[in-house]
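See structure below.
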Amino acid sequence: MAPPLPLMFLLMIPWVYSADDWGVSYTSKYICALKGSSVIMSCTYKYPPEYKIKKVFWTKLIEKGVEPPDLSDDTEYSQRIQYLGDKRQNCTIRLNDVTQKDSHKYYFRFITDKPDGRWIGYPGVTLDITDLHVESPESVTEGDTVSLTCKSTCNLTDRATFIWLKNTQSLTERNNKLLLQSVRREDAGRYSCTVHGHNLTSPHVYLNVRYPPEDPVISISPSGEIIEGDSVTLTCSSDSNPPADISWFKEKTFLTHGQIYSITSIRSDHSGEYKCKSRNEAGEKYSDTVTLNVMYAPKTVSVSMSGSGEIVLGDSVTLTCSSDSNPPVLNYTWFKENESSAVGSGQSYSALQSGFFYCVAQNQHGSQRSAAVSVTVHHRSGWHVVLGITVGCGGLLIIIIIIIIILFKMKKHAGVKNENLSVNQDHIYSDVIERVSVHDAPLSESETADHNDAQYSSITPKRLRGNLTAGKDPESTTEIEYATVQHHKNKKMKRTEEHESQNDRRSDMLTVEEASVIYSSVR
């Protein structure tokens, strides 16, 4: 039997080969590369041995019925592409400084010396170009745990070692995640990441750490003494994130919002305690209080008096000056209207005469005078004089009686016999009056010899004359005489005088001799 014809025909056509003799094999059909990096696309190819390679190249465009272009002829690739293969088996290529535009499918193409010997390797290599970015929460609160992630739009094909940067300073973390536990305000800043061996660095992100206000502090400008009329600025400073809203208070009264509180042309009623409150979404704090002490010259100066301002001659009325000032008044000066010289100083003044009086209050910032007040002095009426004289005479009589009683007790104490001491008060009083009434008559020679104890009376009469009561007859007016009696004892006595004569006289003289001074009034 003859062999079958189809089998014989295949044996006679040597250039017909199976599909396994042709092909392109790619090491990786998908590559994710960082922007700016160099990408190597590796592959191998095969063809029947009787074919000879004429051309090899990589392309990215395939259109049916159109020969695909060679990338090395494209101006966008010509300076960056490098063929690393050969014309036998290796078809590896390197693409430098890749960009987002380089994200495509790439194919290897080879052409042999025979018309039917052309091949393109399917499915090709898919290249994705990615950059880096950091994922971070928009804001965190102090004390929270925070995770930052360095991400790309695709999973990098090559094993990558990540490097973290904070404010351009390298951190120790080498993973694509950066973990911050119990975050602090010092952790706030700009964070970015990169991959070891690559120049690509992600754009930085700012980690915003929120925290409540620290204790606010108030500063006063200008510093130093504040005088009424000055302009004063209070500034409240407080570290916080986010920035705090500032509120101002005087004592417990709300004033305004804002970091600065200004007072133009400050007044005395602006004095007091001020504080500010700093508040944000994380908390609030009050400052310590500061005191504004506004200095000013005396104001509202006024005079008050004790009584009605009408007094009698010899009395006085007390005038008191008061004012509002800061610091307190240093000097109070008193004036009488229509007189240029001061009549007194001090906060109080005793007015003895009629007139209009005012005070001037002064401190180191100025002075102010008060309105004048009127003081009127009236003369005493006659009955006041009579009453005074009567009271004076009665007092004098009481003194005389007391002296007599004292002398009586002294004689009794001296041991004089009771019968010689029986002189009554009337006898003593009449004896004194009798001696006073003869103050101008000289002693006789016999009286001088009888009295070895010389007695001298010095009497100076004083007479107060005049109308004690207005409108009365001068002749009917009472006359008052005052007499001063001085008694002196002569201590030298004649020892030759007889004993009996001494005893007789001594008993009569004891009463008078014991008195040193006796005053009497004679009408």
Q: Check S223 against each of (1) over 30 Å from E273 (Cα atoms); (2) part of a loop (DSSP other than H, G, I, E, B); (3) hydroxyl-bearing (S, T, Y) and name the one condition it does not meet.
A: (1)
Q | Enumeration of residues in the range 190-231 that are among the polar types (S, T, N, Q) and open to solvent by 30 Å² or more (accessible area, probe 1.4 Å) | A | N199, T201, N208, S219, S221, S223, S231
Q. Residue check: is S262 in a strand (DSSP E or B), open to solvent by less than 30 Å² (accessible area, probe 1.4 Å) and on the phi < 0 side of the Ramachandran plot?
A. no
Q) Give me the pairs: first residue in the range 62-73 and among the small types (G, A, S), second residue not in a loop (DSSP other than H, G, I, E, B), beta-carbon distance under 7 Å, and six or more apart or on different chains, which are they? A) S72/F57; S72/I81
Q) If we scan the range 240-253, do we find a residue that is without any contact (Cβ under 8 Å) to a residue 12 or more places away in the chain, within 30 Å of G366 (Cβ to Cβ) and not in a loop (DSSP other than H, G, I, E, B)? A) yes
Q.
I'd like the full set of residues that are within 18 Å of R118 (Cβ to Cβ) and open to solvent by 90 Å² or more (accessible area, probe 1.4 Å), limited to the range 22-54.
A. K46, P49, K52, K54
Q. When the range 138-170 is examined, which residues are found to be in a loop (DSSP other than H, G, I, E, B) and open to solvent by less than 50 Å² (accessible area, probe 1.4 Å)?
A. G143, C154, L156, A160
**Q.** Residue ID - most open to solvent (accessible area, probe 1.4 Å), chosen from residues in the range 176-189 that are assigned to a loop (DSSP other than H, G, I, E, B) and in contact with a strand residue (DSSP E or B) (Cβ under 6 Å, 6 or more places away or on another chain)
**A.** N176
Q. Just one of K151, K101, K105 is of a type in the set (K, R), closer than 30 Å to S202 by Cα and in contact with a Gly (Cβ under 6 Å, 6 or more places away or on another chain); which is it?
A. K105
Q) Listed residues N331, N293, N280, N338; which is of a type outside the set (A, V, I, L, M), out of contact with any helix residue (DSSP H, G or I) (no Cβ under 8 Å at 6 or more places or on another chain) and at pLDDT below 90? A) N338
Q. Picking from V140, V125, which residue would you name as being over 30 Å from T59 (Cα atoms) and in contact (Cβ under 8 Å) with a residue 60 or more places away in the chain?
A. V140
Q.
Can you report the number of residues in the range 282-311 which are open to solvent by 40 Å² or more (accessible area, probe 1.4 Å), part of a strand (DSSP E or B), over 30 Å from A244 (Cβ atoms) and of a type in the set (S, T, Y)?
A. 3
Q. Out of the range 46-65, which residues are farther than 25 Å from R80 by Cα and of a type outside the set (D, E, K, R)?
A. Y47, P48, P49, Y51, G65
(Q) Quick check on my filter: what residues within the range 323-342 are part of a strand (DSSP E or B) and exposed (fewer than 15 other Cβ atoms within 10 Å of the Cβ)? (A) N331, A342
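The values are calculated or read from the model by the stated rules, or taken from the named source; none is laboratory data. Computed from a prediction, not measured in an experiment: that's the story for all the values here. Cβ atoms come from the backbone with ideal geometry, glycine included; neighbour counts cover every protein chain shown. Note: accessible area is taken over every heavy atom of the protein model, side chains too, but ligands, DNA and RNA are not part of it. Shrake-Rupley method; radii C 1.70, N 1.55, O 1.52, S 1.80 Å.
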